[in-house]
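Each reported figure results from applying straightforward, stated rules to the coordinates on display, with no laboratory input. Keep in mind that this is a model prediction, so the values were computed, not measured. As a convention, Cβ positions derive from the backbone with ideal geometry for all residues, glycine included, and neighbour counts pool all protein chains shown.
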Ligand code: KIV
């Protein structure tokens, strides 16, 4: 028996989460609990806690590799970490980020998405950007690649945006974001992820779309929440995002902290007003 055999031995007591289950959760008003993971052991813990969707985020560039931004993360990094996480997850829906520069044109985007699915074992890829990504989303979706479209604060554009800032506060920007969300859904995006937007805009976009909308700093009125794993386990050093909560504080251990996160998302006690933007 190898040291990590527990990862293989975990039983599939519950059926795996699929896009259909996530759509049904939206329809039934059940909040979707999502977290990032970067390795097999934490992925197993996150999965065991009942998380519905696990994202291998390119945030790994910051929290694992120690860069200031996600820009240096490569395809090789993403394939490697997605393969690690795949081995730990048995129930949750697995999404992998497409790194900076890997999806600027439809054909290379397709080749890179195929790598994340075939070599990494992802069930969906996530890419950042609004209207400009419509052609790529259409190209991928029409070739059976499930796509999550990430709008609002898009960290790979940090040098263009001039920092990690709340997006969509002005009426014109909010209207543009709503239009982009519609266009991405029309192009075939199966999930929209909204980062750092006023709660009212999170609510409006969620009500307008038929696909699940997952928020991070987008208020309580979205279909699900996602946070960076290290932000909820008090691993992150330095400045923590305003919308994150330390779930390890008061918990019996990491498993309990993760279960508390899932429970808080489900019952709507996370996010609280102090985690929202207006
Ligand atoms: O890279 C990441 O972890 C993400 C989440 C912050 C949503 O995109």
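By the Stokes-Einstein formula, at 0.692 mPa s and 37 °C, the range 135-216 with its Kirkwood radius over alpha-carbon pairs has D equal to 254 µm²/s. Sorted from greatest to least, the principal axis extents spanned by the alpha carbons of the range 93-153 come out as 28, 23, 20 Å.
Taking each DSSP H run with n ≥ 4 as -39500 (n - 2.57) and averaging over every residue of the chain yields -11500 deg cm²/dmol at 222 nm.
Neighbouring Cβ atoms within 10 Å as the yardstick, rank 160, 240 fewest first. Don't skip to the end; give the middle numbers.
Details: 160 7, 240 15.
Result, fewest neighbours first: 160, 240.
The distance separating the Cα centre of the range 218-278 from that of the range 73-114 comes to 24 Å.
I need the semi-axes of the equivalent ellipsoid of the range 228-278: take the C-alpha gyration tensor, multiply each eigenvalue by 5, square-root it, list largest first in whole angstrom.
Values: eigenvalues 60, 48, 10 Å².
Over the Cα atoms of the range 228-278, the semi-axes work out to 17, 16, 7 Å.
Quick check on the exposure proxy: order 256, 223 from fewest to most C-beta atoms within 10 angstrom.
On the way: 256 14, 223 22.
Ordered from fewest to most neighbouring Cβ atoms within 10 Å, 256, 223 come out as 256, 223.
Evaluated at q = 0.13, 0.20, 0.22 Å⁻¹, the base-10 log of the normalised Debye intensity for the range 37-127, with identical point scatterers placed on the Cα atoms, takes the values -0.37, -0.85, -1.00.
Past the 17 angstrom mark, what percentage of all C-alpha to C-alpha distances in the range 134-278 do you count?
Working: 6530 of 10440 pairs.
It works out to 63 percent of all Cα pairs.
What residue among 47, 267, 180 has the largest mean-square fluctuation in a Gaussian network model of the chain, using Cα springs under 10 Å? Result: 267 has the largest fluctuation of those listed. Ordering of 71-79, 186-194, 16-24 by packing is 186-194, 71-79, 16-24, highest average first (other Cβ atoms within 10 Å, averaged per residue). Remark: the chain projects, on average over all directions, an area of 13.9 nm² (convex hull of Cα atoms).
With both labels modelled 7 Å from their Cα along Cα-to-Cβ, the residue 176 to residue 210 distance reads 2.8 nm. Sorting 90, 102, 41 by the number of Cβ atoms found within 10 Å of their own Cβ, with the fewest placed first, yields 41, 90, 102.
Is the shape of the range 187-257 rounded, prolate or oblate, going by the alpha carbon gyration tensor and its root eigenvalues a ≥ b ≥ c, with a/c under 1.5 for rounded and a/b larger than b/c for prolate?
Working: a/c = 2.57, a/b = 2.12, b/c = 1.21.
Prolate, because a/c is 1.5 or more and a/b exceeds b/c.
Extending 7 Å from the Cα toward the beta-carbon at both residue 71 and residue 239 defines two label points whose distance is 1.7 nm. Given their separation in residues at 0.36 nm each and the Cα-Cα distance between them, residue 118 and residue 143 gain 7.6 nm when the chain is fully extended. Peptides 153-159, 91-97 ranked from most to least packed give 91-97, 153-159, packing being the mean of other C-beta atoms within 10 angstrom over each peptide's residues. Over all Cα atoms in the range 40-199, the spread is summed up by Rg and Dmax: 15.3, 44 Å. The alpha carbon centroids of the range 30-64 and the range 146-183 are separated by 23 Å.
Among 152, 61, 224, the largest mean-square fluctuation in a Gaussian network model of the chain, built with springs joining Cα atoms closer than 10 Å, belongs to 61.
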